[in-house]
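The values are calculated or read from the model by the stated rules, or taken from the named source; none is laboratory data. From a predicted model like this one, the values you see are computed outputs, not experimental measurements. Cβ placement follows ideal geometry from the backbone for every residue including glycine, while neighbour counts extend to all protein chains displayed.
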Amino acid sequence: MPAVLDARPIAAGLRGLFARDAGRHALLQYAADRIRAAGAPYTSVYLYMLQGDQLALEAWSGRETEHTRIAVGKGVCGTAIATGQDQNVGDVRAISNYIACNTFTRSELVVLIRRGDTILGQIDVDSDVPDPFTPEEEQATREVADALAVLL
């Protein structure tokens, strides 16, 4: 089954914004808005960038969150940074250190934004549906993350 998210037009849009000297925030916000615009299962999208030993929320689309800073190693987002691995959690209620952005979220996909071995941040996607993120969805999100890594 093809992915709901098509990364190609998002990556092209990011390159277009970059060519017009759009700043970091504009690039991150565009990515958040376009990923969420793919529709279900993408409920909310948060772009956290690594600042020292914390992740800082720099752009989002969907539900607001009070979690504007997350320590490395805490929750699904912090675990992705600490382990250096993307996280695809089909049921967030099964994670002991899960940090809930809201009570409706049932699953979470975190894809790291990397430039070589350096982790710049991450795309954090929440869904109200249990286990919706297929390998194809994860790959499409990774393509957006890779486009951002080149442009940031």
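Key figures
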| read-out | value |
| --- | --- |
| Residue under evaluation E58, criteria (1) within 19 Å of L14 (Cβ to Cβ); (2) of a type outside the set (V, I, T); (3) part of a helix (DSSP H, G or I), criterion not met | (3) |
| Qualifying residues in segment 99-123 (those that are of a type in the set (S, T, Y) and surrounded by 18 or more Cβ atoms within 10 Å (Cβ to Cβ)) - the one modelled with the lowest pLDDT | T105 |
| Test for G84: is it touching an Asp or Glu at 6+ places or on another chain (Cβ under 9 Å), free of Cβ contacts under 8 Å to residues at least 24 places away in the same chain and either among the basic types (K, R) or surrounded by fewer than 19 Cβ atoms within 10 Å (Cβ to Cβ) (or both) | no |
| Qualifying residue in segment 29-42 (condition: charged (D, E, K, R), assigned to a strand (DSSP E or B), modelled with pLDDT of 95 or more and over 20 Å from T134 (Cα atoms)) | no |
| Residues located in segment 111-147, provided they are in a helix (DSSP H, G or I), of a type in the set (A, V, I, L, M) and farther than 20 Å from G62 by Cα | A147 |
| Residue, farthest from V4 (Cα to Cα), within segment 124-137, restricted to residues that are among the acidic types (D, E) and buried (at least 19 other Cβ atoms within 10 Å of the Cβ) | D124 |
| Given (1) in contact (Cβ under 8 Å) with a residue 40 or more places away in the chain; (2) buried (at least 18 other Cβ atoms within 10 Å of the Cβ); (3) under 25 Å from P130 (Cβ atoms); (4) out of contact with any Pro (no Cβ under 9 Å at 6 or more places or on another chain), index of the condition S61 fails | (1) |
| Test: residue in segment 55-69 that is at pLDDT 95 or above and in contact with a Gly (Cβ under 6 Å, 6 or more places away or on another chain) | no |
| Residue match in segment 19-26 (condition: surrounded by 19 or more Cβ atoms within 10 Å (Cβ to Cβ) and hydrophobic (A, V, I, L, M, F, W, C)) | no |
| Selection from segment 61-79 of residues that are in a loop (DSSP other than H, G, I, E, B), over 23 Å from P41 (Cβ atoms) and of a type in the set (K, R) | K74 |
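Residues checked against (1) farther than 17 Å from D146 by Cβ; (2) in contact with a strand residue (DSSP E or B) (Cβ under 7 Å, 6 or more places away or on another chain); (3) not aliphatic (A, V, I, L, M):
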{"residue": "P41", "(1), (2), (3)": "yes, yes, yes"}
{"residue": "G52", "(1), (2), (3)": "yes, no, yes"}
{"residue": "L55", "(1), (2), (3)": "yes, yes, no"}
{"residue": "G62", "(1), (2), (3)": "yes, yes, yes"}
{"residue": "T65", "(1), (2), (3)": "yes, yes, yes"}
{"residue": "T105", "(1), (2), (3)": "yes, yes, yes"}
{"residue": "I113", "(1), (2), (3)": "no, yes, no"}
{"residue": "G116", "(1), (2), (3)": "no, no, yes"}
